[in-house]
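Here is the structure we will look at, set down as structure tokens.
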Amino acid sequence: MPAGNRNFAPSMDSIQAFYPLLHQPSRMVITTHQKPDGDALGSSLGLYHFLVRLGHTVTVISPTNWPDFLNWLPGIETVINFESQREKSRQLIADAQYIFCLDFNILHRTKHLEPLLEAAPAKKILIDHHQEPQVAAFDWGISDTSKSSTCEMVYDFIVDSGHDGLLHPDMATCLYAGVMTDTGSFRFPATTASVHRMVARLKDTGIQHAPIHDAIFDNFLENRLRFIGFVLLNRMDVLYEFNTALMYITKADLQRFQIKTGDTEGLVNYLLSIQGIRFAALAIDRDEERKWSFRSKGDFDVNSFARMNFEGGGHKNAAGGRSSDSLEMTVNKFREILPSYLNQLQ
């Protein structure tokens, strides 16, 4: 990113400094990373409902489409897909006074939205829990890798700014959906006591958790289950000498089973369920590039692995990456560099 861009702040101020501005009705945009997941959309819509209740004019803009299994979220009908509504998105971003950036901390994670965010005159607020933020791109913000999810951080933002009383079922439903998905249904290590206290407060608004779980995890078509069976049987390699499991999915596989956005969600986690496996990697052949998902157990740092080898990043135990190489070439690269991590993986 160009360090001299006049729209970039020299440093990021604490998000607490933004709290007084919540009481001045403003034009606001909320955006998140491309191909948003449950935490990205849940936090965006949870914040949307909160800001609307404070009297702000708010629009959520997603850089791309999102999974069908999230189409039930309260307020989803108001979300704008930048790829299909570019001119409207450009105007909203140009007119915004504030832009909230949720669940990403580097502008290029917004894909084709990046140049518009760079050029926008609006002040930018970061709320995110990934490592190594691009702090110069934001005016206010909080980056906390200890947090389970961006939804937990939006909840903290609401409570810490003194607006706990504004919590209501629509807001709570969105935040619960996001924290549930990002914690693996509350089984990942980041599920702290504060997460459970948050869930209890959200439940106090009257939401029912079982229908939320069903809408996200029990709402797929038959072809997805057949696809999962196919790739587990035909596209999985278990490299026991490195305590690693690798899966690669071709474009033909995606077309054969009519796979849509979100249908590969969570697939990489199947690999970690194998006894002794500490490192799981999934490569998917997309139209523009090859997308990587990395997961690990214990001390193996997939954030560093992704940043060093596959132009990615994320968390210590969950990260993503990309490659412009062919699927065969990027998978071969993965195999070739794996021996250099032998000591860490054993």
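Just the residues that are farther than 10 Å from L45 by Cα and among the hydrophobic types (A, V, I, L, M, F, W, C), please, taken from segment 60-78.
First, the residues of segment 60-78 that are farther than 10 Å from L45 by Cα: 61-72, 77.
Residues satisfying the conditions are I61, W66, F69, L70, W72.
Quick check on my filter: what residues within segment 235-253 are open to solvent by 20 Å² or more (accessible area, probe 1.4 Å) and either modelled with pLDDT under 95 or among the hydrophobic types (A, V, I, L, M, F, W, C) (or both)?
Answer for segment 235-253, where residues must be open to solvent by 20 Å² or more (accessible area, probe 1.4 Å) and either modelled with pLDDT under 95 or among the hydrophobic types (A, V, I, L, M, F, W, C) (or both): M236, V238, L239, F242, A252.
Name, by its number, the condition in (1) surrounded by fewer than 16 Cβ atoms within 10 Å (Cβ to Cβ); (2) out of contact with any helix residue (DSSP H, G or I) (no Cβ under 7 Å at 6 or more places or on another chain); (3) assigned to a helix (DSSP H, G or I) that does not hold for L232.
(2)
Could you count how many residues in segment 240-264 are within 21 Å of the chain's Cα centre (by Cα), farther than 30 Å from Q346 by Cα and of a type outside the set (A, V, I, L, M)?
Matching residues across segment 240-264 total 4.
Hey, does segment 183-194 have a residue that's surrounded by fewer than 15 Cβ atoms within 10 Å (Cβ to Cβ) and outside any loop (DSSP other than H, G, I, E, B)?
Yes; the residues of segment 183-194 include at least one that is surrounded by fewer than 15 Cβ atoms within 10 Å (Cβ to Cβ) and outside any loop (DSSP other than H, G, I, E, B).
Would you mention how many residues in segment 160-182 are open to solvent by 50 Å² or more (accessible area, probe 1.4 Å) and part of a helix (DSSP H, G or I)? Explain how you work it out, then say what you get.
First, pick out the residues of segment 160-182 that are open to solvent by 50 Å² or more (accessible area, probe 1.4 Å): 160, 162, 164-165, 169-170.
Checking the rest, the ones that are also part of a helix (DSSP H, G or I) come to 160, 164-165, 169-170.
Of the residues in segment 160-182, 5 are open to solvent by 50 Å² or more (accessible area, probe 1.4 Å) and part of a helix (DSSP H, G or I).
Restricting segment 51-106 to residues that are charged (D, E, K, R) and under 22 Å from D263 (Cα atoms), which is least open to solvent (accessible area, probe 1.4 Å)?
It comes out as D103.
Residues that are free of Cβ contacts under 8 Å to residues at least 40 places away in the same chain and of a type in the set (A, V, I, L, M): find the strands (runs of 3 or more DSSP E) completely inside segment 240-346 holding 1 or more of those.
Per the criteria, 244-249, 279-285, 318-323.
The values are calculated or read from the model by the stated rules, or taken from the named source; none is laboratory data. These figures come from a predicted structure and were not determined experimentally. Don't worry about glycine lacking a Cβ; one is built from the backbone with ideal geometry, like all the others, and counts go over all protein chains shown. Ligands, DNA and RNA are excluded from the accessible area calculation, which covers all protein heavy atoms including side chains. Shrake-Rupley method; radii C 1.70, N 1.55, O 1.52, S 1.80 Å.
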